[in-house]
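Since every read-out is calculated from the coordinates, none of them should be taken as a lab result. Just so it is clear, the model here is predicted, and its values are computed rather than measured. Every residue, glycine as well, gets a Cβ built from its backbone with ideal geometry; the counts of neighbours run over all protein chains shown.
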Amino acid sequence: MLKESAATLQVLMFSNLPPPTVPDPAERAPLHQRSISYSELEELFKTVPNLRALHLPLRVFIHAPTMEMIACGQLLPLLATLKLSSWSGFHVLSAVARRSELARYPLREPGTSNSAPPSLVAISYVLIMVPHEDEQGLQDQVAILQESGDLMDVEFNIVAGIVVSSCKIYGMVYH
């Protein structure tokens, strides 16, 4: 589906669709909603190298090693807008700060994981949904990084609203 437009695709938005409803609970068949694996997500990101905006649905999480590949520009080097949900958000914050630094100083240590592709773009806008209990700690860390200059050009918005119940994720709708 993405094959023909992957090279030029700049915005990728997934919707948060409510589960289908069946009027009679007795007729309700079990829903088998397959989650996307981190390797599938990485393969998707590799196919859209010019992506500038990514909006993931609530049930799709970027795990820390994939987020680190985004931070160094191995994946999505042109990404500037990121909307996602996370179990804690601290790995996302760390990756965004690291990417910001690598975009400002791309050749600090050539040949190491601290070097970045020459076209690496800093992520300038993040909207992240996290569990209520992590919201304040993440807000505090964002404030510290913004004051220190590590996130000086990043608009970082945090929304509390992920609640885990019976292995289902419920959250607020975000735009």
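Sorted by packing (mean other beta-carbon atoms within 10 Å per residue), highest first, where do 135-143, 121-129 land?
121-129, 135-143
For the residue pair Val60 and His132, what label-to-label distance in nm results when each label sits 7 Å from Cα along the Cα-to-beta-carbon direction?
2.8 nm
Loop-only check: which chymotrypsin sites (Phe, Trp or Tyr not before Pro) in the range 40-98 are DSSP coil with at most 15 other Cβ within 10 angstrom?
Trp87
Work out how much length Met152 to Glu43 would gain on full extension: take 0.36 nm times their residue separation and subtract the Cα-Cα distance, in nm to one decimal.
Working: separation 109, 0.36 × 109 = 39.24 nm, distance 3.08 nm.
Answer, rounded to one decimal: 36.2 nm.
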